[in-house]
Amino acid sequence: MIRIATVGTGWIVGEFLRGAKEVPEVEYVACYSRTRERGELFAREWGAQKVYTDLEQMAQDDTIDAVYIASPNALHCEQTLLMLRGGKHVLCEKPIARCAVELETMLSAAQERGLVLLQAMRSAFLPTIPLLREEIARIGPVRRARFSYCQYSSRYDKFKNGIIENAFDPLLGNGALMDIGAYCVNLMVLLFGAPRAVTAKAVFLPGSIDALGTAICEYDGFHAELEYSKVDQSDCISEISGESGSLRFWPTAAPLNVVSVRKGKILELASDPCGEYDMRYELERFVLLTRGGDAGEWTECTRIAAGVMDEISRQCGIDFTIH
């Protein structure tokens, strides 16, 4: 049994805990919130035994084996290092770090202590990923790939009315690339590895975050196009096309649906096989890794993706320190 605590009380933590209920090896023991009232309410709702409003105290609690961190992006590195120093394995919500330098600092701290550090990227651990890889080989050689995730933010209307919530606060490390584009980048890297070149453009909100972006990533024989946005809604799905067919999958954040088209025949390969508990797969892998599994594949993918996002940020002028 692994005893886990959570940092954050947003909706994503609730989704994570829904998945955790499907993993019998996990016991939910504690939550952290900035306010006692919110923490106690969340603990009652999800069954946590303890509530913390001090992260230092949580890090020193020997009854906690691991921590799931789902705080604002700007806090991931600091909080992860704190929990690692306290001897806790860490599963950190995407994007695990704001840049590759932060990521390497976090990974080094985990390695020095013999602890597991894993990015909670939903798509990376789904059972549809091996399916996608197998089908890519069948439709090849690949000539084009398109990863699309454009979602009108529920907080954008407030932003337009002068109310700045966390999702639109540059100081918290947010923006279209970090919040939405990260899914496109990581899924591309998961399926194809590192691109040999990247070209990127972004559109910014006045005095604020990048609102949307586009990137073209070059691979041998094909281009991968990334499009992501927090300010418009698109029903475009992700697609990989090759000389022998095409492969369509959605949603990009967690591709639960997969359709292949080969020689005019439409094959439905997967249709929401994971249900509403798809976050359980990342937790299942995390638990296995705490028992001595090899995180090499996912660590390398996270490293490559961080490098790609750094390059997109550089080209687009995304800098969280200048606001």
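In table form, for the structure just shown:
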| quantity | calculated |
| --- | --- |
| Residue check for Arg303: at pLDDT 95 or above, under 15 Å from the mean Cα position of the chain (by Cα) and over 30 Å from Ala197 (Cα atoms) | no |
| Unmet criterion (only one of (1) modelled with pLDDT of 95 or more; (2) touching an Asp or Glu at 6+ places or on another chain (Cβ under 9 Å); (3) of a type outside the set (Phe, Trp, Tyr)) for Glu218 | (2) |
| Pairs where the first residue, in segment 229-245, is more than 11 Å from Ser260 (Cβ to Cβ) and the second is of a type in the set (D, E, K, R) and outside any strand (DSSP E or B), C-beta under 9 Å, 6+ apart | Lys230/Arg155; Lys230/Asp179 |
| Unmet criterion (only one of (1) part of a loop (DSSP other than H, G, I, E, B); (2) open to solvent by less than 20 Å² (accessible area, probe 1.4 Å)) for Gly162 | (2) |
| Matching residues, segment 246-294, being part of a strand (DSSP E or B), of a type outside the set (D, E, K, R), touching a residue at least 60 places away in the same chain (Cβ under 8 Å) and over 12 Å from Ile129 (Cα atoms) | Ser246, Leu247, Ser260 |
| Selection within segment 235-247 - open to solvent by 20 Å² or more (accessible area, probe 1.4 Å), modelled with pLDDT of 90 or more and touching a Ser or Thr at 6+ places or on another chain (Cβ under 7 Å) | Ile237, Glu239 |
| Tabulated pairs, segment 1-20, first touching a residue at least 12 places away in the same chain (Cβ under 8 Å), second among the polar types (S, T, N, Q) and open to solvent by 30 Å² or more (accessible area, probe 1.4 Å), C-beta under 8 angstrom, 6+ apart or interchain | Ile2/Thr290; Arg3/Thr63 |
| Residues of segment 74-100 satisfying the condition of being open to solvent by 10 Å² or more (accessible area, probe 1.4 Å) and part of a helix (DSSP H, G or I) | Ala74, Leu75, Cys77, Glu78, Gln79, Leu81, Leu82, Arg85, Ala100 |
| Neighbours by Cβ (under 7 Å, 6+ apart or cross-chain): first from segment 124-144, at positive phi; second open to solvent by less than 20 Å² (accessible area, probe 1.4 Å) | none |
| Qualifying residue in segment 174-184 (condition: open to solvent by 10 Å² or more (accessible area, probe 1.4 Å), over 20 Å from Cys92 (Cβ atoms) and in contact (Cβ under 8 Å) with a residue 60 or more places away in the chain) | no |
| Residue within segment 108-115 that is touching a residue at least 40 places away in the same chain (Cβ under 8 Å), farther than 17 Å from Leu17 by Cα and not charged (D, E, K, R) present | no |
| Identity of the residue in segment 203-224, more than 19 Å from the chain's Cα centre (by Cα) and among the charged types (D, E, K, R), that ends up surrounded by the fewest Cβ atoms within 10 Å (Cβ to Cβ) | Asp220 |
| Selection count, segment 140-159, where residues are surrounded by 14 or more Cβ atoms within 10 Å (Cβ to Cβ), modelled with pLDDT of 95 or more and touching a Gly at 6+ places or on another chain (Cβ under 7 Å) | 2 |
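Every residue, every condition in (1) modelled with pLDDT of 95 or more; (2) surrounded by fewer than 20 Cβ atoms within 10 Å (Cβ to Cβ); (3) of a type in the set (D, E, K, R), yes or no:
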position: Met279; (1), (2), (3): no, no, no
position: Gly293; (1), (2), (3): no, yes, no
position: Val308; (1), (2), (3): yes, no, no
position: Cys316; (1), (2), (3): yes, no, no
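The values are calculated or read from the model by the stated rules, or taken from the named source; none is laboratory data. Predicted, not measured: the structure shown is a model, and the values here were computed from it. Backbone-built Cβ (ideal geometry, glycine too); neighbour counts: all protein chains shown. Please note that ligands, DNA and RNA were not included when accessible areas were found on the heavy atoms of the full protein model with its side chains. Shrake-Rupley method; radii C 1.70, N 1.55, O 1.52, S 1.80 Å.
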